[in-house]
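Single-structure report; data block below.
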Amino acid sequence: MKPFLRLFGLAILIGLGVVILRALRQQRDSGSFEVGATTMSSSGETRRGISPELLNILADPGDKGPVELMTDGSGKEWLVNRRNGFRYPIEDGIPIMLLEEGEKHKDESLVQS
């Protein structure tokens, strides 16, 4: 009788572990920050855009204000802070939101008074 109870308890623990793993995997797969659609650039590269949900919560790391999405003449996407002219590059759908990057790509013509 004891071996049967031990096997039964072990089966319950394994089943519980499987249920927990499935729940964690489902939570991870249904994340709130979906990557935007994949697009084909003029040079034949596939690129990913930023999802609108992510764009709504992104903020400039310096002044914590909102940023907007812009595309330059070459098709490269940027997150722009119009209060100080900082531009943050987007590489493969991932925004590089570092102050050093914003200062490096600063464009005074983007500043709104």
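Among the residues of the stretch 72-86, which ones are under 18 Å from the mean Cα position of the chain (by Cα) and either farther than 14 Å from residue 55 by Cα or of a type in the set (A, V, I, L, M) (or both)? Scanning the stretch 72-86 gives 76, 79, 80.
Can you tell me how many residues within the stretch 87-113 are part of a loop (DSSP other than H, G, I, E, B), surrounded by 17 or more Cβ atoms within 10 Å (Cβ to Cβ) and over 22 Å from the mean Cα position of the chain (by Cα)? Result for the stretch 87-113: 0. Only one entry in 62, 36 is under 23 Å from the mean Cα position of the chain (by Cα) and modelled with pLDDT of 85 or more, namely 62.
If you go through the stretch 54-94 and keep only what is under 14 Å from residue 111 (Cα atoms) and of a type in the set (Lys, Arg), you end up with 82, 83, 87. Residues of the stretch 65-75 that are surrounded by fewer than 16 Cβ atoms within 10 Å (Cβ to Cβ), at pLDDT 90 or above and assigned to a loop (DSSP other than H, G, I, E, B): 65 alone. Of all residue pairs spaced 6 or more apart or on separate chains, those with beta-carbon atoms under 6 Å, a first member in the stretch 48-68 that is farther than 13 Å from residue 80 by Cβ and a second member that is among the acidic types (Asp, Glu) and outside any strand (DSSP E or B) are 48/92; 51/34.
The values are calculated or read from the model by the stated rules, or taken from the named source; none is laboratory data. Not measured: the values here are computed from a predicted model. No Cβ is skipped: glycine too gets one built from the backbone with ideal geometry, and neighbour counts run over all protein chains shown.
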